[in-house]
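For reference, the structure discussed in these notes is given below.
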Amino acid sequence: MKIICAHQPYFAPYGGFFQKALQCDVMVLLDSVQFPRGTTWLTRNRFKNDQGALWLTLPVWKKGLGLQRIMDVKICHEGSWARKHLLSLKTAYANAPYFKDHEPFLEHVFSDRITKLVDFNEEIIRHIMDALKIPVELVRLSALGIDEREPGLSISVARKLGATHFLAQNSAKKYLDHKGFEDAGINLIFFNPRALVYPQLWGQFIPNLSCLDLILNCGSRAADILARGIKNPMQRRIP
């Protein structure tokens, strides 16, 4: 059995992203699909400070560039946003029990002036996966040589990687070609991400923040909290 999933490479994703990864053998980062025109989780996410939800947004170059693929989007390093973001995170999480464990990584990723958005996001994704001990293999769509759109894209990805099962969120049911998967001999399976509940700083609990909030507050316990949030008979438990 080989379970494949696919997801856009969000900025410091929420827990559901990693719940999906935990249940799979390979996660494909959809870097060669179109970058959205409007607001997107690719460039922003929520953390938490003493005022409540803390929104951080990555500035990217868009003006005059027309439609871009995610893999082509470049981070705008004008101004001092990176220093301000890092300071905001340090101020928000200075008292988090496990902040010091991850502070060197945050200082690195926000000071390294990474050019491409997808590189920046993947670095954070890999760091969180390491912290959560998720053994999934990450593969970029651009490395697979597949140039399709849905509803055929997911089927081609699953075929290319020799999948027996393709895992998607319940919300994607209406967008996928169920008969196409059946004809290809690939089982479609679905799950519904569950909001993780865990100790947070700063008063009332806020669900579905960046998963960084979970690992900064819970450390090694974060892996068990993530796994307990999955209600799926095909889940893969963290070692």
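When the strands (runs of 3 or more DSSP E) confined to segment 10-116 are screened for residues that are of a type in the set (S, T, N, Q), within 19 Å of Asn217 (Cβ to Cβ) and in contact (Cβ under 8 Å) with a residue 40 or more places away in the chain, those reaching at least 1 such residues are found at 44-49. Taking the conditions exactly as written (loosely packed, with under 15 Cβ neighbours inside 10 Å, over 29 Å from Cys24 (Cβ atoms) and acidic (Asp, Glu)), does Glu78 satisfy them or not? Judged against the criteria, Glu78 is a match. Of all residues in segment 167-192, those that are in a loop (DSSP other than H, G, I, E, B), under 29 Å from Arg228 (Cβ atoms) and of a type outside the set (Val, Ile, Thr) total 2. Of everything in segment 194-212 that is in a loop (DSSP other than H, G, I, E, B) and of a type in the set (S, T, N, Q), the residue that is surrounded by the fewest Cβ atoms within 10 Å (Cβ to Cβ) is Gln204.
Here's the yes/no breakdown for (1) under 19 Å from Phe190 (Cβ atoms); (2) under 14 Å from the mean Cα position of the chain (by Cα); (3) of a type in the set (Lys, Arg):
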residue	(1), (2), (3)
Gly15	yes, yes, no
Gln19	yes, yes, no
Val26	yes, yes, no
Ser32	no, no, no
Gly38	no, no, no
Thr43	no, yes, no
Arg46	no, yes, yes
Gln51	no, no, no
Trp55	no, no, no
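Residues in segment 141-166 that are in a strand (DSSP E or B) and either out of contact with any Phe, Trp or Tyr (no Cβ under 8 Å at 6 or more places or on another chain) or of a type in the set (Val, Ile, Thr) (or both): His165 only.
A short reminder: the numbers here are calculations on the coordinates, not readings from a lab. Computed from a predicted structure; not experimentally measured. Cβ sites come from the backbone with ideal geometry, for glycine too, and all protein chains shown count toward neighbours.
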